[in-house]
Amino acid sequence: MADQDVITSGSGHNLSFTLRDFVAIGFRHKRLLMMCFAGLVLGTIVAVLLMPPKYQAVTKILVKRERVDAVVTPQRTDNMQVKEDISEEELNSEIELIQSDDVLRKTVLACGLNKRKSLLSYVGIKRSPDEMTWKAIVRLKSDLKVELLKKSDVISIAYTSSNPQLAKRVLETLSNAYIEKHLEVHRPAEQVEFFEQETDLYHKNLQDAEERLKKFADEQGGVAPQLARDITLQKLNDFSATLESTRAEMASTEQRIHDLEKQLGDTPDRMTTQVRESDDAQVLEKLKSTLMGLELKRTELLTKYQPTYALVQEVDKQIADTHTAIAAEESKPIKEETTDQNPTYNWLRTELAKAKADYSALEARAAATQSIVTIYQANARNLEEKGLIQQDLLRSEKTNEENYLLYLKKQEEARMAEALDQRRILNVAIAEAPNVPYTPTNSKLLFGFVGILLSAVLSLGVVFGVEYMDTSFRTPTEVISELNIPVLAAVPHRFGSNGNHNGNGHPPSNGNGNGPVDAGLESAVGQTFSQN
């Protein structure tokens, strides 16, 4: 069949979705397409006509570091480290304060945003005041646009509303509530009252401590116990030294007495002063006289007798005995010794008596010194206890004075901070106050244009959805792609102007078996042949 176009599918042909197929889908569902588009456009027009204008008010808050408050600490000195730059954490903290529920709640209640009626109220469903307030807070938080401007310390706050006056009033109220919250967070509540109470308390304690110290001084006669204790300790040291010296002298004297007694026992009380040796003259004279008489008698006997005569020999013997007695007498002279009192013994006795007397005196002085030392020791202990009491009183007075001065300083710092707060001298300031916006932020023309575009897109989407849900074959391409068999011929049909088929219900042909593309190919019937 030369007059028919044979559409085949094989390995050498590529099937694709062309613009012709896309337009054909639109022509097949043109009624649905027009109805959807018309309905959406009509809805867009109604929405544009009913859409209220939106007005956006803007305010800006500058976070700065011009005021540095003293840190409330129990320390005596406040080491304040001033930072020149504001950190990102501080800026984020201020943003969180702006969006806090407390600030938003004050704004909602002050501006009456919680009194706006909802759609549920028209059908008889009422909400509690707390729930309405909470809903208003949520709406306000969503409508607020809080952002930090790049490379700056400025926080921008924007609020959109259909009422320009309300938008301005909401931002003004929000700014004031944020300033109050900033003061509340960065300055403790009732700080001045606290420091006033503490200052009065420590002032009273200081007066009581001074009164107790004065009373104690009057009881001591105006003499400082510590000074008296020092003087007493000095005298105690002197007397203790004297006592130790006396005891040392006593020990020395006791040893001297012991030595003197020992020497006195070894020393005789008398000593020989003169020794004379002499013969016994009377005995010698008597012996010599006897010798002389014997010699005369021997001489007389020799005149009569021989030397050997017994009487002569007896006289000789007597003479020899007399000579022996004279010699013995001469060998034993008579000694005469003269003795006298020993001066060493007398000196030792005198020194011993003196040492004993000194020892007794030293004992008495040591006993008296010991009594004085005991008295001074007791006085020193008493004065030490009184000194501790005085030190405790002085310490209490000094502590109360330091605390009084500290809290007095803190009170002045708190008063200064409160005065600065009252004059709104803060580290945050409203850099740009909100103004009444007279130009709406939403454009009806732009909204309508966007609505028409969305209507067209949604209409095409609906048409393509219906086309996707239709399971019938409409083009030879679908037959080839789904059944994977060649199509010999396709017979198109078209609708007339009245929407009916021509002839016997079949669309007219263009003579070669293919209808024009713009007529819309509704069905395809072909004779198929097997591949073999």
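Which count do you get for residues in the stretch 134-153 that are part of a helix (DSSP H, G or I) and either free of Cβ contacts under 8 Å to residues at least 40 places away in the same chain or within 13 Å of ASN114 (Cβ to Cβ) (or both)?
Number of matching residues: 9.
Would you pick out the residues in the stretch 370-423 that are closer than 30 Å to GLU184 by Cα and hydroxyl-bearing (Ser, Thr, Tyr)?
TYR404, TYR407
Look at ALA364 and say whether it is assigned to a helix (DSSP H, G or I) and surrounded by 17 or more Cβ atoms within 10 Å (Cβ to Cβ).
In short, no.
Return only the number of the condition from (1) under 30 Å from LEU243 (Cα atoms); (2) not in a helix (DSSP H, G or I) that THR339 does not satisfy.
Every condition holds for THR339 apart from (1).
Of everything in the stretch 367-388, what is under 29 Å from ALA217 (Cβ atoms), exposed (fewer than 15 other Cβ atoms within 10 Å of the Cβ) and not hydroxyl-bearing (Ser, Thr, Tyr)? Give them in sequence order.
Answer for the stretch 367-388, where residues must be under 29 Å from ALA217 (Cβ atoms), exposed (fewer than 15 other Cβ atoms within 10 Å of the Cβ) and not hydroxyl-bearing (Ser, Thr, Tyr): ILE375, ALA378, ARG381, ASN382, GLU385, LEU388.
Consider only pairs whose beta carbons are under 8 Å apart and that are at least six residues apart or on different chains; among these, list those whose first residue lies in the stretch 295-313 and is under 16 Å from HIS323 (Cα atoms) and whose second residue is of a type in the set (A, V, I, L, M, F, W, C) and not in a loop (DSSP other than H, G, I, E, B).
Cβ pairs passing all conditions: GLU295/ILE319; LYS297/VAL315; ARG298/VAL312; ARG298/VAL315; ARG298/ILE319.
Quick one: which of GLN370, GLN341, GLN377 is under 53 Å from the mean Cα position of the chain (by Cα) and in contact (Cβ under 8 Å) with a residue 40 or more places away in the chain?
Just a single option satisfies the conditions, and that option is GLN377.
Which one of LEU183, LEU120, LEU213 is modelled with pLDDT under 85, in contact with an Asp or Glu (Cβ under 7 Å, 6 or more places away or on another chain) and either closer than 30 Å to ASN400 by Cβ or surrounded by fewer than 14 Cβ atoms within 10 Å (Cβ to Cβ) (or both)?
Within the list LEU183, LEU120, LEU213, the selection yields LEU213.
For the condition touching a Lys or Arg at 6+ places or on another chain (Cβ under 9 Å) and at pLDDT 85 or above, what is the one hit in ALA366, ALA357?
Just a single option satisfies the conditions, and that option is ALA366.
Of the residues that sit in the stretch 454-473 and are outside any helix (DSSP H, G or I) and not polar (S, T, N, Q), which one is surrounded by the most Cβ atoms within 10 Å (Cβ to Cβ)?
Residue satisfying both the conditions and the ranking: PHE473.
Take the residues in the stretch 396-453 that are loosely packed, with under 14 Cβ neighbours inside 10 Å and in contact with an Asp or Glu (Cβ under 9 Å, 6 or more places away or on another chain), then tell me which one is modelled with the highest pLDDT.
ALA433
The values are calculated or read from the model by the stated rules, or taken from the named source; none is laboratory data. In this text, all values refer to a predicted model and were calculated from it rather than measured experimentally. Note: ideal-geometry Cβ built from the backbone for every residue, glycine included; neighbour counts use all protein chains shown.
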